[in-house]
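Peer 1: One structure is given below, represented as structure tokens, and several questions about it will come after.
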Amino acid sequence: MKLCLFGGTFDPPHVGHLVIAETIQESERFDRIVFVPASNPPHKEEGISPIENRLEMLRLALVDNDHFDVSDIEIERGGVSYSVETIEEAKGPGFRPSRIDPNILSRIRFANIPQIEVSSSQIRRRIRNGSTIRYLVPGPVMNYIREQGLYSK
């Protein structure tokens, strides 16, 4: 199975995340794109939503795509979330990114991903300002945010 791990805070997940994942899945023919929400991201000191909310929004965002899945591997591990630890855990004991054969590294390809000017921080700011987020997040995610009162403070 050809697998791609897609990590992030996903606070909230938005169409940019989905377009990137779909483009990668299509261009590289991955069997599965696994979204891995960071439990406690090292680059964000405070102000992120509880992991339970982020996980539920992600599940709602991915429900209509058979190639997309969610993993709670970083949540189960706990502590600060580092991608390298997640990769090591997913690949198994003894895997070290520094041990990747240079021949493999030389075959890395970059995908042509459409530019989408949307960010989670922009979405949170729009909610705080009372602006719409329609078409920036999937409908079920927008409804969940509204029902839970997320980002309005």
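Every read-out reported here was derived from the displayed coordinates using simple, explicitly stated rules and does not represent laboratory data. Since this is a predicted model, take the numbers as computed values, not measurements. Note that each Cβ is placed from the backbone with ideal geometry, even for glycine, and that neighbours are counted across all protein chains shown.
Peer 1: With θ set to phi - 60°, apply the Karplus curve 6.51 cos²θ - 1.76 cosθ + 1.60 along the range 143-153 and write out the HN-Hα couplings as whole Hz, x wherever there is a Gly or Pro.
Peer 2: 5, 4, 4, 5, 4, 8, x, 6, 6, 7, 8
Peer 1: Extension gain residue 91-residue 119, at 0.36 nm per residue separation less the Cα-Cα distance, in nm?
Peer 2: Going from the current span to full extension adds 7.1 nm.
Peer 1: Now a separate question. Assuming R0 = 22 Å, what is the FRET efficiency of residue 2 and residue 82, from their Cβ-Cβ distance, to the nearest 0.05?
Peer 2: 0.40
Peer 1: Compute the Kirkwood hydrodynamic radius of the range 3-148, taking the inverse of the mean of 1/r over all pairs of distinct Cα atoms, and give it in Å to one decimal.
Peer 2: Answer for the range 3-148: a Kirkwood hydrodynamic radius of 16.5 Å.
Peer 1: Taking the dipole about the Cα centre of the chain, with the C-beta of Lys and Arg at +1 and of Asp and Glu at -1, give me whichever of 58, 143, 115 is farthest to the positive side.
Peer 2: Of the candidates, 115 comes out farthest on the positive side.
Peer 1: For the chain, set up a Gaussian network in which alpha carbons nearer than 10 Å are linked by springs, and say which option among 114, 37, 102 fluctuates the most.
Peer 2: 102
Peer 1: Run a plain Debye calculation on the range 1-49 (Cα atoms as equal point scatterers, no solvent) and give log10 I(q)/I(0) at q = 0.18, 0.20 Å⁻¹, rounded to two decimals, same order as the q list.
Peer 2: -0.61, -0.71
Peer 1: If neighbour count is taken as other Cβ atoms inside 10 Å, put 144, 135, 82 in order from fewest to most.
Peer 2: Listed from fewest to most nearby Cβ atoms, that is 135, 82, 144.
Peer 1: Just from its helices, what would the mean residue ellipticity at 222 nm be for the chain, if runs of 4 or more DSSP H residues each count -39500 (n - 2.57) and the sum is divided by every residue, rounded to the nearest 500 deg cm²/dmol?
Peer 2: Taking each H run of at least 4 residues, the total per residue is -11500 deg cm²/dmol.
Peer 1: What list of ³J(HN,Hα) values in whole Hz, one per residue of the range 58-66 in order, does the Karplus curve 6.51 cos²θ - 1.76 cosθ + 1.60 (θ = phi - 60°) give from phi, with Gly and Pro shown as x?
Peer 2: 5, 4, 5, 5, 9, 4, 9, 10, 5
Peer 1: With charges set only on the Cβ (+1 for Lys and Arg, -1 for Asp and Glu), what does the dipole of the chain come to about its Cα centre, in debye to the nearest 20?
Peer 2: 460
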